[in-house]
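Before any comments, here is the structure.
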Amino acid sequence: MSVNLSTSLFFDRSTSTMQALQSKFDTLNEQISTGKKLLKPSDDSVGYQRLQGIQRANADGVQDAANVKLAQSTLQQAGTTLTQMTDRLQRAAELVVQAKSGTNSASAKAAIATELDGILQSVVSLANAKDARGMPLFGGQDDGAAVTQSGGGLAFAAGKAPAMPLGDGQSVEATVNAKDFLATPTSDIAAALTAIVTALRAGEDVPEDASETLDVVADQVIGTQASLGAREARVDLFAAQLKSAADDREVTRSGIEDADPTETIVELQKTMTILQATQASFSKLSSLSLFDYLR
């Protein structure tokens, strides 16, 4: 009876040991093939919960990165557009200085007037530029045209565009209403250039107030460009912070989930050796007869 109990216990223990070793061998083998040490929630419940949090944070990070990219694109486009506008206004200022020289013939004044009229149309076109979403770069609270020419002057869109969300409760005003830089308290760029063009075509002197408006608007455009540049720098900093946070999450995720190839292979070989030894020992011992046992 004692022999039967001992034999049964031996078989049970040996079988249990080999099953455990085989299960560990299979798990390690799967870890090597998948590169993951966390294969199911039961492997590490705390780690699995942390992974779920990281995955949610990554999903939010992807959306935030998309928002930042759009804001960067809009700010860059606005800056480039204002640079082009500055170039046109500088050319207009040069022409006005030339027109004031007093040595221009009627035909020369007419030519200057024609070029100034073309500059005005170019400025209006630039002011009505649209961003990657098809929204006005310098518009108002809706998607209507930023500026329209009306009675020799400009009519501007009402209000201002909503700020663009970046993430983590932060946002940026990536656009500016054209009225902020193309208008003065008493006039606007279209009214000024139109007055100058009209005077030149009539053979008259350049109106001084119109010339002053042109200078003020040119300064305002440069100031707006500087302001948008500062906002772009802020968005770039936020983008760098997003990337740093994403990199930190990846390091944390890898530490929880990824298997170390070298360590896992060594552990697999060790487990395989123990399993083979256990199987060999079991096979040898289980082949002993009762006569051999009693002897």
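The numbers here are math on the coordinates, done by the rules we state, and not lab data. All values derive from a computational prediction rather than experimental measurement. Cβ: placed from backbone, ideal geometry, glycine included. Neighbour counts: every protein chain shown.
Of all DSSP beta bridges confined to segment 53-251, the antiparallel ones make up roughly 100%. For segment 212-280 versus segment 111-178, the spacing of their alpha-carbon centroids is 35 Å.
Scoring 169-177, 119-127, 242-250 by mean Cβ neighbours within 10 Å over their residues and listing the highest first yields 119-127, 169-177, 242-250. Computed extension length for M272-A155: 33.9 nm, one decimal, from 0.36 nm per residue of separation with the Cα-Cα distance subtracted.
The calculated P(r) of segment 161-220, using every Cα pair and 10 Å bins from 0, goes 22, 34, 21, 14, 8, 3, 0 in percent.
The D258 and T15 beta-carbon pair, evaluated with R₀ = 35 Å, returns a calculated FRET efficiency of approximately 0.55.
With 0.36 nm allotted per residue and the present C-alpha distance subtracted, the N29-D60 stretch has 7.8 nm of extension available.
For the chain, the relative contact order is 27 percent, taking Cα pairs closer than 8 Å that sit 6 or more residues apart in sequence and dividing their mean separation by the residue count. Protection proxy ranking, highest mean first, for peptides 252-259, 55-62: 252-259, 55-62, where packing is the per-residue count of other beta-carbon atoms within 10 Å, averaged. D by Stokes-Einstein for the chain, Kirkwood Rh over Cα pairs, 20 °C, 1.002 mPa s: 83 µm²/s.
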